[in-house]
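Colleague: I have a structure here, written as structure tokens, and I will follow up with some questions on it.
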Amino acid sequence: MTVPFTDIATLYIDGQHVAPQGGHEAVINPATEAVIGHAPVAESAQVDAAIAAARSAFDHGPWPQMTMDERGDVLDRMVAALRARQADIAALIVAEVGCAQGITHLMQVANPINHLASTIRYGRRDEADRLPIDITPNMMMPGGPQSIGGTTVVREPFGVVSAITGYNFPFLLNLAKIGPALMAGCTMVLKPSPFTPYSALLFGQICDEIGLTAGVLNIVTGGTSEGQLLCTDPRVDMVTFTGSEGVGASIMAQAAPTLKKVHLELGGKSAMIVRHDADVQRAAAMAVGFLSVNAGQGCAIPTRLLVHNSIRPAFVAAATAFAAHIRIGNASNPDVTMGPLIRESQRAKVEHYIALGKAAGATLVCGGGRPAGLDQGFFTDFTLFDNVTNDMAIAQDEIFGPVGCIIGFDSDDEAVQIANDSRYGLNGAIETADAATGYAMAMRIRTGSVALNGGTGTMSFAPIGGYKRSGIGREYGPHWLREYQHEKSVFYPIG
Ligand code: NAD
């Protein structure tokens, strides 16, 4: 059976479906290694054309001049068009990413579409601020009559945006750029990961269907060199990127000579603190559940499990028991709860870190190899290490696989100190019977979010993003559009 959207053989530039100058490249299903389609590959001239189209649509087109309500009406049609394709998008992601069906339907597809709807709602309410009247001294004549005046602060679209995204939640990451950038009135060029091109290319069909003005959203493919063009071209005003820490740093450097605004959503090595009074079974079930999401290929997953030493043996036993229930395999089977890693290179990286963990003296509690009977596909075991110290490479580096590091602690202060002893600062979690103490500890953790006792909230209303090397800027929440807007103050005299 053909995977939905894998018949798309063209790029989307200036409202046209354009044949790629770079030919077509096989895209494989990481669970089977079977080719699911041959995706178009852009050449640099086509990246150039996409930037030109976005620049022209920004400088001369109607999109940036439209009101929020007018743009909201167009994007409401995008929400409807995506909802109508929800099942097909999920089937694509299962084949492109290998992600288990439950996570795919909810986190990879339904939530991102809901977030787009919430961006539209916020945008419709985004009005100019009329600041209170102010009295200022007479700059021309010290001691002379003072001036009185007011200020209106308006928000304008930032400009032409390059959006570059990673592979793990491809549709979500793309939509998390498209939604706020377009709602704010920007125009954009989107470049997805070469592993997951179709989760971006499908938006060409959507743009046609909703009648989006040509040039407002352009979609190109390719790898590092195409991404570099999108970060260096002087016609681009801003780069928004979701991907790894190292590439994020390169992007900042690439964007520096032309002084672009840079918005970065990067990696993480988040800590879950399990206090002495926590419900051990619940905490262990959550830890294992999080770690298995998308085979550990999630930026915000708590991969360091900081467990009070008094309950650590019980936690290890419970986590190992829960891990035994994970069903690893091809996610085309709805009973599968954990799929493969994206490519052999990612599996090699995970296996390298497992070897480092063993060599450093951590105790392998479960996993550590490849699941039996799965010879095709890039599968790896669900792996837990105990007796990890926070200075080990497995505790410091983002492995991006289902590998959990259990680290003991004896006091709340020590737990917070270990949680913060990381170059990352994306997410965190605390499990405790004493919610007030947990809340106080959450205040001390230097990360963009902390989940207390399994709290999940909803990203539509809460900003998500990184401290330290986990990124710059925020996605979601009431100020999401601000990332893609300039603020302009208009001062006027009164009287
Ligand atoms: P990656 O950094 O390898 O690639 C991301 C994108 O950058 C791809 O489209 C790639 O082609 C492009 N790219 C590579 N080099 C480039 C360059 N020099 N200039 C411009 N573009 C370039 O990331 P990945 O492996 O696809 O994704 C996984 C990473 O993403 C993990 O580190 C994960 O934590 C992170 N991530 C973060 C968030 C978040 O919200 N913070 C969400 C999802 C994933």
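The values are calculated or read from the model by the stated rules, or taken from the named source; none is laboratory data. Since the model is a prediction, treat every value here as computed from it, not as a measurement. Virtual Cβ from ideal backbone geometry, glycine too; neighbours counted across all protein chains shown. In case anyone asks, the SASA skips ligands and DNA or RNA and just uses the protein heavy atoms, side chains included. Shrake-Rupley method; radii C 1.70, N 1.55, O 1.52, S 1.80 Å.
Colleague: In this structure, does Ala49 turn out to be buried (at least 24 other Cβ atoms within 10 Å of the Cβ), of a type in the set (A, V, I, L, M, F, W, C), in a helix (DSSP H, G or I) and more than 23 Å from the chain's Cα centre (by Cα)?
Modeller: In short, no.
Colleague: Where the second residue is open to solvent by 30 Å² or more (accessible area, probe 1.4 Å) and not β-branched (Val, Ile, Thr) and the first is touching a residue at least 40 places away in the same chain (Cβ under 8 Å) and in a helix (DSSP H, G or I) and lies in segment 245-270, which pairs have Cβ atoms under 6 Å and are six or more apart or on separate chains?
Modeller: Filtered contacts from segment 245-270: Glu245/Arg469.
Colleague: Among the candidates Arg83, Arg71, Arg55, which residue alone is without any contact (Cβ under 8 Å) to a residue 40 or more places away in the chain and of a type in the set (Lys, Arg)?
Modeller: Unique residue meeting the criteria: Arg83.
Colleague: Which condition breaks for Arg275 when tested against (1) away from the ligand (no atom under 11 Å from the Cβ); (2) assigned by TED's automatic domain parsing to the domain that holds Gly179?
Modeller: Only one criterion in (1) away from the ligand (no atom under 11 Å from the Cβ); (2) assigned by TED's automatic domain parsing to the domain that holds Gly179 is unmet by Arg275, namely (2).
Colleague: Quick one: Glu431 ticks every box in (1) of a type in the set (D, E, K, R); (2) out of contact with any helix residue (DSSP H, G or I) (no Cβ under 6 Å at 6 or more places or on another chain); (3) open to solvent by less than 10 Å² (accessible area, probe 1.4 Å) bar one, so which box is it?
Modeller: Result: Glu431 passes all but (2).
Colleague: Starting from segment 394-420, take each residue that is of a type in the set (D, E, K, R) and within 14 Å of the ligand (Cβ to nearest atom) and list its partners that are open to solvent by less than 10 Å² (accessible area, probe 1.4 Å) and in a loop (DSSP other than H, G, I, E, B), counting only C-beta distances under 6 angstrom and pairs at least six apart or across chains.
Modeller: If the second residue must be open to solvent by less than 10 Å² (accessible area, probe 1.4 Å) and in a loop (DSSP other than H, G, I, E, B), the pairs left are Glu398/Gly267; Glu398/Lys269.
Colleague: Of everything in segment 246-265 that's within 8 Å of the ligand (Cβ to nearest atom) and surrounded by fewer than 22 Cβ atoms within 10 Å (Cβ to Cβ), which residue is farthest from Pro157 (Cα to Cα)?
Modeller: In this case the residue turns out to be Gly246.
Colleague: It is to be established whether one or more residues within segment 399-410 are of a type outside the set (Gly, Ala, Ser), assigned to a helix (DSSP H, G or I) and not assigned by TED's automatic domain parsing to the domain that holds Thr196.
Modeller: Taking every residue of segment 399-410 in turn, none turns out to be of a type outside the set (Gly, Ala, Ser), assigned to a helix (DSSP H, G or I) and not assigned by TED's automatic domain parsing to the domain that holds Thr196.
Colleague: Could you run through segment 231-241 and say how many residues are in contact with a strand residue (DSSP E or B) (Cβ under 9 Å, 6 or more places away or on another chain) and either closer than 22 Å to Ala9 by Cβ or open to solvent by 20 Å² or more (accessible area, probe 1.4 Å) (or both)?
Modeller: Of the residues in that region, 3 qualify.
Colleague: Please find, within segment 169-180, the residue that is nearest to the ligand (Cβ to nearest atom) out of those that are open to solvent by 10 Å² or more (accessible area, probe 1.4 Å) and touching a helix residue (DSSP H, G or I) at 6+ places or on another chain (Cβ under 6 Å).
Modeller: Phe169
Colleague: Would you confirm whether or not segment 349-361 contains a residue that is within 16 Å of the ligand (Cβ to nearest atom) and open to solvent by 50 Å² or more (accessible area, probe 1.4 Å)?
Modeller: Yes; the residues of segment 349-361 include at least one that is within 16 Å of the ligand (Cβ to nearest atom) and open to solvent by 50 Å² or more (accessible area, probe 1.4 Å).
Colleague: Do you know which residues across segment 434-467 are surrounded by fewer than 20 Cβ atoms within 10 Å (Cβ to Cβ), in contact (Cβ under 8 Å) with a residue 24 or more places away in the chain and within 16 Å of the ligand (Cβ to nearest atom)?
Modeller: Those that are surrounded by fewer than 20 Cβ atoms within 10 Å (Cβ to Cβ), in contact (Cβ under 8 Å) with a residue 24 or more places away in the chain and within 16 Å of the ligand (Cβ to nearest atom): Arg446, Ser460, Tyr467.
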